[in-house]
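Written out below as structure tokens is the structure these notes cover.
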Amino acid sequence: MGAEIASITGKTEPGRRRVGTGAIVLALVLCAMVLMNVACTKKEQKAPKERAINVRVQVAENRSLRPFVESVGTLNPYEAVSVSSELDGILQSIRVDEGAPVTRGQLIAEIKEIDYRLAVEQSAAALKQAEAALANVRQEHQRKEALWREELVTKQQYDDIVARLALAGGDVERARSSLELGREKLGKAKIFAPMAGSIKEKKVTAGDYVRNGTLLVSIIRTDLLKLLFSVTEKDVGQLRVDQDVVFSVDAFPGREFRGRVKTIYPGLEEKTRSLQVEAVVANSDGRLKPGLFCRVTLYTGPARGTVVVPINALLYDNDSIKLFAVEGDRAKERKVRIGQKYGEFTEIVEGVKAGETIVTVGQNNLMEGVLVHVAR
């Protein structure tokens, strides 16, 4: 009844009015705090802190480099010859051993020449006899010719002396040829080196019976050597005579030897699709030996400015090649076209310029535009 009266009159008790106002204020404060907390939580969920990817980098360089082709090859003698006997007979002496140096025209071996010397003497005697017979027939021919002119001999008698003169002349020619042949054979009883070089093999010893064609020794020339190697089909268009060649051999680690292209073979080998190339190598000190295995670098042009990056910076994606550059603190993907490889570096034909910062470690974790931290 009192509440109804208060409502009608518009008056309330002072204590109750204060309690109602405080409750409302408290409720409003609590609501505000809840709303602020929800707003902050949503803000944190919308903007998480970005994590940087650690990488290592290296600057793309512009180097002056010569284009080249790599291969493997073998050293061969510049010249090789097999020295054989041209006579049948007993080998009287052999004057060289394996590995011995020889000069052009040096006596190598001798065949017993007694039989060939006697044959020469017999041929010489037969020639003298034939020449004497020819002289007699010529004198008789002169007499018969004079009588024939005076018609004091018959035509048959004259024809007979003419025929005998021709036969005597033929006998002399045959005897002379036989003598020349005997002398030539006698000269071949001594065998001389046809070129300067070294004895690679000795196949006979003194006392052996040899025949025409029997191999006595083989000689190789080693002051110059031939470097034989092959080039793949895709590099054939870069080959030229007189190009520089650098090679190394296991026998002399850390050393480089040089040569120059002399011969480019006319056709490719069908099985390997490669072309044989020969280079000439100076070897005046005899240090290099035929048969050595070589790692070959053939320079195909003059030095030129080339942008290079470490090979380990490259990423292969199917048929494309890419890498990541760093611009500011962000990774930038670059598709590139590569060229020649130079040891641990590769030529960049397209896609990167000299001076750009290239990621060399950590690029597998990168995508376009991600935040990066360059480790020092």
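The values are calculated or read from the model by the stated rules, or taken from the named source; none is laboratory data. Everything numeric here is computed off the predicted structure, so don't read it as measured data. Backbone-built Cβ (ideal geometry, glycine too); neighbour counts: all protein chains shown.
Which of the residues spanning region 200-209 are within 11 Å of A109 (Cβ to Cβ) and in a strand (DSSP E or B)?
Matches in region 200-209: K202 only.
Evaluate the following for V352: is it within 30 Å of E50 (Cα to Cα), out of contact with any Ser or Thr (no Cβ under 9 Å at 6 or more places or on another chain) and outside the structural domain of K262 (by TED's automatic domain parsing)?
yes
Among the residues of region 315-327, is there at least one that is hydroxyl-bearing (S, T, Y) and surrounded by 18 or more Cβ atoms within 10 Å (Cβ to Cβ)?
no
Quick one: is Q92 assigned by TED's automatic domain parsing to the domain that holds V359 and surrounded by 14 or more Cβ atoms within 10 Å (Cβ to Cβ)?
no
Testing K234 on (1) loosely packed, with under 15 Cβ neighbours inside 10 Å; (2) within 30 Å of A282 (Cβ to Cβ), one condition comes back false. Which one is that?
(2)
Of all residues being part of a loop (DSSP other than H, G, I, E, B) and charged (D, E, K, R) in region 144-199, which is modelled with the highest pLDDT? Just the residue, please.
By that ranking, first place goes to K188.
Just to be sure before I move on: is A109 out of contact with any Phe, Trp or Tyr (no Cβ under 6 Å at 6 or more places or on another chain), closer than 30 Å to R287 by Cα and not polar (S, T, N, Q) in the structure I sent?
Taking the combined requirement at face value, the residue satisfies it.
Of all residues in region 347-364, which are over 10 Å from V307 (Cβ atoms) and either modelled with pLDDT under 90 or buried (at least 19 other Cβ atoms within 10 Å of the Cβ) (or both)?
I358, V359, Q363, listed by residue number.
Give me a count of the residues in region 50-86 that are among the basic types (K, R) and either assigned to a strand (DSSP E or B) or modelled with pLDDT of 95 or more (or both).
The qualifying residues number 2.
State all residues of region 279-296 that are surrounded by fewer than 18 Cβ atoms within 10 Å (Cβ to Cβ), touching a residue at least 24 places away in the same chain (Cβ under 8 Å) and on the phi < 0 side of the Ramachandran plot; if no residue qualifies, say none.
V280, A282, S284, R287, K289, F293, R295
Surrounded by fewer than 16 Cβ atoms within 10 Å (Cβ to Cβ), touching a Leu at 6+ places or on another chain (Cβ under 9 Å) and acidic (D, E): is that true of D242 in this structure?
Answer is no for this residue.
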